1. With the radius of gyration and the Kirkwood radius both derived from the Cα set of the stretch 76-142, what is their ratio Rg to Rh?
2. Go through TRP139, HIS162, LEU57 and say which Cα lies farthest out towards the positive end of the charge dipole of the stretch 6-200; charges sit on Cβ, +1 for Lys and Arg, -1 for Asp and Glu.
3. I want to check the label-to-label distance for GLN87 and ALA25. Put each point 7 Å from Cα in the C-beta direction and report it in nm to one decimal.
4. Hey, what number do you get for the chain at 222 nm if only DSSP H runs of n ≥ 4 count, each worth -39500 (n - 2.57), divided across all residues, to the nearest 500?
5. Have a look at the chain and give its Rg and Dmax from the Cα atoms, expressed in angstrom.
6. By how many degrees, 0 to 90 and rounded to 10, does the Cα axis of helix 85-94 deviate from the longest principal axis of the chain?
7. Taking the Cα centre of the stretch 6-200 as origin, work out the dipole magnitude from +1 charges on Lys and Arg Cβ and -1 charges on Asp and Glu Cβ, in debye rounded to 20.
8. Roughly how many nanometres apart are two label points built 7 Å out from the Cα toward the Cβ at ALA41 and ARG125?
Amino acid sequence: MTARARLVIFAKQPRRGQVKRRLAAGIGDAAALAFYRVALAGLIRRLARQRRWRTQLALTPDRPRHRGWPWPARVDRVAQGMGDLGQRMARAFRRADRRPMLIIGADIPEIQATHVLQAFRALARADLVFGPAPDGGYWLIGLRQGRLVDGMFKNVRWSTPHALADTRANLPRCWRVALLDQLDDIDDAAALSRWRQRAKRPAG
């Protein structure tokens, strides 16, 4: 891994009624927003201070609102741009300029710096790395030297159990793919409850 490696956190502007809508259906808009703010702030705190990579926030909607959210000065912010998730991730990878790059979501509170380091190390021997999620999606995707394949995200059924399999089906057969530990994204009240129970368990 080089000092030019980049970690991009895909996040939504933390606005009530605009984030974690499935979670909000179970716990309410205010509680969902509070969870999202805490999760995003914790993710930035744990990862942005690392010197092994450069951390960047890719935000949607594109026009950031600074009121009510203390955006850290040490983290660059860029717009995700228009399109579905695949189009927005493809745009981010094209900015990598042949640098190793990872994209993660903002709603996986169990991501630690060790997971990011493992992903970058995996790219030393693999063309692409995934962090799979229990629901069939993925919480991380990374490319070595920004080697984006045309159509890599074509016809991917986002937010379904097929997202990871669909993406893998678009890759060249010769590519080496590495898989990280499975982590849970917090999409609904049941996932939030499972995470809270795990967080209560003593370490070790």
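Laboratory data are not the source of any read-out in this text; all were calculated from the coordinates shown. Fair warning: this is a prediction, and the values are worked out from it, not measured in the lab. Reconstructed Cβ throughout: ideal geometry from the backbone, glycine too, with neighbour counts over all protein chains shown.
1. Details: Rg = 12.3 Å, Rh = 13.0 Å.
Using only Cα positions, Rg/Rh for the stretch 76-142 is 0.95.
2. Of the listed residues, the answer is LEU57.
3. Using points 7 Å along Cα→Cβ, the separation is 2.5 nm.
4. On the way: 6 runs with 65 residues, N = 204.
Mean residue ellipticity at 222 nm (helix-derived): -9500 deg cm²/dmol.
5. Considering the chain through its Cα atoms, Rg and Dmax are 16.4, 48 Å.
6. Around 50 degrees separate the two axes.
7. Working: 38 positive and 16 negative charges, 167 e Å.
Magnitude of the dipole: close to 800 debye.
8. Here the answer is 4.0 nm between the modelled labels.
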